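The values are calculated or read from the model by the stated rules, or taken from the named source; none is laboratory data. Values in this document were obtained by computation on a predicted structure and should not be read as measured data. Neighbour counts are summed over all protein chains in view; Cβ atoms, including those assigned to glycine, are modelled from backbone coordinates with ideal geometry.
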Amino acid sequence: MINSVYAHVTPLKDFDWSVYENGFNGSNLVENKSIKTKKGDKIYCHEKYATSVYKKLNGDKNSENVEIKDFSLNGASKVVAMEILNNDEMLVSTAGGNATVVNLNKENKFFELYGGDKNSFIHWINNPDTNKQFIDMDLMVKVNKNGKGSMIDGHTYKLYKEYQEQIEKPTKAYYGKVNACHRGGFTLELQGVRAFMPYSLSGIERDTDPETIVGTTLEVMIDSYSKKSGFIVSRKKYLRFILPAQLAKLDTTNPWNGTITGVGAKDSPYGGKKYFGIFIEIEADGNKYTGLMHKTLMSDKTYADFKALETQVGSPISVWIHEVAGDRIVFSDIEPENREEISKIREAQEEEEKKKLELKYNKEHGIHKVSEEKLDQLVNHFNG
């Protein structure tokens, strides 16, 4: 029995009392902040008709004709409030004045987007400060056929709408994780949405081994949409539209804290792979930029590890921006004052190694190469 001044009140049968944990006890009213009210007014009703009734009470003659189209199976609604009901459910209020219950056990993918799990998410929502941070992200919720709300479906819906707009008016770039390479290109994941990048839009060198790109994160832009492949993204578009202006602002005089993200390789004309450099990522003003450090611009230690195939992906490395050429960054970990001298030594080392590989290859394949001097003598003899 409820011991309060409201104990004699008979609860409405069609009222949604699930808003109140363990039922309404006469004092645990939850304000519906999703409804815009006059100063001093507070609404505690979370039913669909709440907005319409409030407008009617304030003299809005058209209030009876107000139809809330906040939820549809094809759309989603902006989230304005979130409250944990129990360990498995969360109440979500929307900008249209509606409320829906989200099954937290089906939101693992949504939690992963923010680097957490169900338990950490519950902790965040129960904390007023982090709760507000989530609300300020303009999250969306989508009500599915079962009548339950879905945060991950709302997230996907929001991204689909945004990506569709980017096809017509490209203004943004996105970080895409390359998951795999196929015959026609790469599959990526952009904020939980699967996308495809054809080789023709990847911006990588034609003779680069595609497998070296798998696992890396690339900045891409939305290019188009295909029913078969989903959203088509383009690295080339990003390189053409956004990157040059951003790169021009980067500091080229001081060293950067970078991270090794991969090793560049391509097929060698002498068989096997030819490793030409290291991919490095730096971060500036919240943006990440990936560039290449060619083997001729490596310090002694980095070069030795590179030649021994002992370069560790994920390792930190201090680098300078050697050059910005349009949409490309060239890195070096050699001090600027010694770079030219050491770079010439590297070029000589690489040229010597190339000659040895060529001689070995020619010997193994029975190829007899005539020197340039001997060729000139033969030409002069026959022209004599």
Of Gly192, Gly203, the only residue that is more than 23 Å from Lys109 (Cβ to Cβ), under 20 Å from the mean Cα position of the chain (by Cα) and at pLDDT below 85 is Gly203
Of the residues in region 258-314 that are more than 30 Å from Ala245 (Cα to Cα) and among the small types (Gly, Ala, Ser), the one that is modelled with the lowest pLDDT is Gly271
When restricted to Tyr114, Tyr175, Tyr163, the only residue among the aromatic types (Phe, Trp, Tyr), surrounded by fewer than 20 Cβ atoms within 10 Å (Cβ to Cβ) and touching a residue at least 24 places away in the same chain (Cβ under 8 Å) is Tyr175
Counting only residues that are part of a loop (DSSP other than H, G, I, E, B), surrounded by 16 or more Cβ atoms within 10 Å (Cβ to Cβ) and either under 18 Å from the mean Cα position of the chain (by Cα) or of a type outside the set (Ser, Thr, Tyr) (or both), region 217-247 contains a total of 1
Counting only residues that are among the charged types (D, E, K, R), surrounded by fewer than 16 Cβ atoms within 10 Å (Cβ to Cβ) and not in a helix (DSSP H, G or I), region 129-147 contains a total of 3
Going through region 292-301 in order, the residues found to be in contact with a helix residue (DSSP H, G or I) (Cβ under 9 Å, 6 or more places away or on another chain) and outside any loop (DSSP other than H, G, I, E, B) are Met293, His294, Lys295, Thr296, Leu297, Asp300
When (1) assigned to a helix (DSSP H, G or I); (2) surrounded by 19 or more Cβ atoms within 10 Å (Cβ to Cβ) are applied to Gly262, the one that fails is (1)
| request: Looking only at region 218-226, decide whether some residue is among the β-branched types (Val, Ile, Thr), in contact with an Asp or Glu (Cβ under 9 Å, 6 or more places away or on another chain) and either at pLDDT below 85 or farther than 14 Å from Thr187 by Cα (or both). | output: no
Within region 148-197, the count of residues that are part of a loop (DSSP other than H, G, I, E, B) and not hydrophobic (A, V, I, L, M, F, W, C) comes to 10
(message) Would you confirm, using the coordinates I've provided, whether Tyr289 is closer than 23 Å to Ser343 by Cα and aromatic (Phe, Trp, Tyr)?
(response) no
- Query: Is at least one residue of region 304-316 surrounded by fewer than 19 Cβ atoms within 10 Å (Cβ to Cβ), on the phi < 0 side of the Ramachandran plot, assigned to a strand (DSSP E or B) and not polar (S, T, N, Q)?
  - Reply: yes
All-but-one check, Pro255 against (1) surrounded by fewer than 19 Cβ atoms within 10 Å (Cβ to Cβ); (2) touching a Phe, Trp or Tyr at 6+ places or on another chain (Cβ under 8 Å); (3) at pLDDT below 90, failing number (3)
Scanning region 178-192 residue by residue, those buried (at least 19 other Cβ atoms within 10 Å of the Cβ) and within 27 Å of Met137 (Cα to Cα) turn out to be Val178, Leu188
